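Peer 1: Before anything else, here's the structure in question.
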């Protein structure tokens, strides 16, 4: 079985963990027990692209999670939700804005919603919130590359949003005024697009990591890198590179400043 990434189009009504469990069972039926994870949670009400990590791909989770995200969001104005989405308690205010909205882009400060997966004292914030305990999360800096209104019908407006990892679209919507995120669909993560989703296809690890610059090694250097030994190479200014040979990816490495690339994460054997 190939280590790699599965592009999965998650439907509404199930959790990201549910998708991982489904994939784990399906892969185990044909190949035996296998490690499976994901790179970036989608709320149960949300749909769209999940990156399911298979085998050694679970080792590179943090690099995939750091990729830029693209979303399509529907905002319902004139109402607020306790969770910022349709799963919370809805209060109708009737306050619906007219005309063009000011949509923030660039680096912004954002406070994650209380109903989120952020950990507080070892527990998920949403678990504390559901238990009726006060949750106050620290602000974080995120980046919104694109925030465009693409349609408007009555109290609802549709938006296209491209943002950095860690951005809460629900918060972007609720910060617009009396509104909550009624529908949310993730359409892309980095170079991966939901249009290419196929639960039966595993994208090989070398291809899945194609967004990381490649340094090709000859046989002797490849063996050294496989054993975790630094090898000569030019990172070209990149913070992390992908060491490969004719058989695919060997490891991820960082430049050491002495003309050598030091492996930080082995991906073979």
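The values are calculated or read from the model by the stated rules, or taken from the named source; none is laboratory data. These numbers come from a predicted model, not from an experiment. Heads up, the Cβs are rebuilt from the backbone with ideal geometry, glycines too, and the neighbour counts pull from every protein chain shown.
Peer 1: Starting from residues that are part of a strand (DSSP E or B) and more than 19 Å from residue 45 (Cβ to Cβ), keep the ones in the range 189-212 and report whichever is modelled with the lowest pLDDT. Walk me through it before giving the result.
Peer 2: Pass one, the range 189-212, residues part of a strand (DSSP E or B): 189, 192-193, 203-204.
With more than 19 Å from residue 45 (Cβ to Cβ) added as a condition, the list becomes 192-193, 203-204.
On the way: 192: 98, 193: 98, 203: 96, 204: 93.
The selected residue is 204.
Peer 1: Which one of these does residue 102 not meet: (1) part of a loop (DSSP other than H, G, I, E, B); (2) in contact (Cβ under 8 Å) with a residue 12 or more places away in the chain?
Peer 2: So the condition that residue 102 fails would be (2).
Peer 1: Inspect all residues belonging to the range 10-18 and state whether any of them is modelled with pLDDT of 95 or more, in contact with a strand residue (DSSP E or B) (Cβ under 9 Å, 6 or more places away or on another chain) and in a strand (DSSP E or B).
Peer 2: yes
Peer 1: While we're on this one: Name the residue, out of 160, 172, 176, that is out of contact with any strand residue (DSSP E or B) (no Cβ under 6 Å at 6 or more places or on another chain) and either surrounded by fewer than 15 Cβ atoms within 10 Å (Cβ to Cβ) or outside any loop (DSSP other than H, G, I, E, B) (or both).
Peer 2: Details: 160 fails: out of contact with any strand residue (DSSP E or B) (no Cβ under 6 Å at 6 or more places or on another chain); 176 fails: either surrounded by fewer than 15 Cβ atoms within 10 Å (Cβ to Cβ) or outside any loop (DSSP other than H, G, I, E, B) (or both).
When all the criteria are applied, what remains is 172.
Peer 1: Next question. Given the criterion farther than 22 Å from residue 172 by Cβ and either at pLDDT below 95 or out of contact with any strand residue (DSSP E or B) (no Cβ under 6 Å at 6 or more places or on another chain) (or both), identify the matching residue among 45, 63. Please lay out each step first, then the result.
Peer 2: Working: 45 fails: farther than 22 Å from residue 172 by Cβ.
None of the other options fit; the residue is 63.
Peer 1: Does any residue of the range 261-269 turn out to be without any contact (Cβ under 8 Å) to a residue 12 or more places away in the chain and surrounded by fewer than 20 Cβ atoms within 10 Å (Cβ to Cβ)?
Peer 2: no
Peer 1: Name the single residue that is modelled with the lowest pLDDT among those in the range 105-124 being under 28 Å from residue 156 (Cβ atoms) and outside any loop (DSSP other than H, G, I, E, B).
Peer 2: 110
Peer 1: Within the range 32-91, which strands (runs of 3 or more DSSP E) (wholly inside it) include 2 or more residues that are out of contact with any helix residue (DSSP H, G or I) (no Cβ under 6 Å at 6 or more places or on another chain) and assigned by TED's automatic domain parsing to the domain that holds residue 143?
Peer 2: It comes to 69-77, 79-81.
Peer 1: Something else about it: Out of (1) part of a loop (DSSP other than H, G, I, E, B); (2) under 21 Å from the mean Cα position of the chain (by Cα); (3) modelled with pLDDT of 95 or more, the odd one out for residue 96 is which?
Peer 2: The single condition residue 96 does not satisfy is (2).
Peer 1: With the requirement that a residue be at pLDDT 95 or above and over 17 Å from residue 103 (Cβ atoms), what does the range 151-181 give you?
Peer 2: Hits for the range 151-181 are 153, 154, 155.
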